[in-house]
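**Q** One structure, as C-alpha cells, below. Some questions next.
No value in this document is a laboratory result; all are computed from the given coordinates. No experiment lies behind these values; they were computed from the predicted model shown. Backbone-built Cβ (ideal geometry, glycine too); neighbour counts: all protein chains shown.
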Amino acid sequence: MNYDEGTAIVDNLKNRRIVIVNVTGVEQKVGHKILDFLIGAIYALEGGLQQVEKGVFILTPSNVEVTSELKNELTNKGIFSWSK
C-alpha cells in the first residue's frame, strides 16, 4: 500500500463507503504501519474497524454498524469465517 492507496481508502470512508482491507502477504512491519494509519483515520471519522479474518479488516464509516446478522450471513455464505 502506498500513500495514494491509503488516502483513497480514507476518502471512501469519508464518502460513507465500507472498505475491506487485506494485509495478508504484506510484510508485518508494513502491515502495522498501514493499520496504524487507518486506525487513526477511523478514530478521526468516528468509524469502526473489525477484524474478519487474520489480516482482513472491515472499515466502516460512522453511519454503518456491522451487526451479528451481517456477520452470520457473511460466514454462512463462506465469504468470511469472522474472527471472534
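**Q** Given the rule -39500 (n - 2.57) for each run of at least 4 DSSP H residues, summed and divided by the residues of the chain, what is its mean residue ellipticity at 222 nm, to the nearest 500 deg cm²/dmol?
**A** On the way: 3 runs with 39 residues, N = 84.
Helix-only estimate at 222 nm: -14500 deg cm²/dmol.
**Q** Which value results when the Cα radius of gyration for the chain is divided by 2.2 N^0.38 Å?
**A** 1.08
**Q** Separate question: All other residues with a Cβ under 14 Å from the Cβ of PHE37 taken together, and with Lys, Arg as +1 and Asp, Glu as -1, what is their net charge? Before the final figure, lay out each step's value.
**A** Details: positive: LYS29, LYS33; negative: ASP4, GLU5, ASP11, ASP36.
Taking every other residue near PHE37 into account, the sum is -2.
**Q** For the charge dipole of the chain, defined by +1 on Lys and Arg C-beta atoms and -1 on Asp and Glu C-beta atoms about the Cα centroid, which residue among PRO61, THR75, ILE34 has the Cα displaced farthest towards the positive pole?
**A** It is THR75.
**Q** Find, among the GluC sites (Glu not before Pro) in the range 39-84, those assigned to loop by DSSP (not H, G, I, E, B) with at most 10 other beta-carbon atoms within 10 angstrom. Kindly include the intermediate steps, with their values, before the conclusion.
**A** Numbers: sites: GLU46, GLU53, GLU65, GLU69, GLU73; in loops: GLU46, GLU65.
Loop-located and lightly packed - GLU46, GLU65.
**Q** Trypsin sites (Lys or Arg not before Pro) within the range 2-58: which are DSSP loop residues with at most 15 other Cβ atoms inside 10 Å?
**A** Sites meeting the loop and neighbour criteria: ARG16, ARG17, LYS54.
**Q** Using unit Cβ charges (K, R positive; D, E negative) and no other charged atoms, how large, in debye to the nearest 20, is the dipole of the range 3-76 about its Cα centre?
**A** Working: 7 positive and 10 negative charges, 14 e Å.
With only Lys, Arg, Asp and Glu charged at Cβ, the dipole is about 60 debye.
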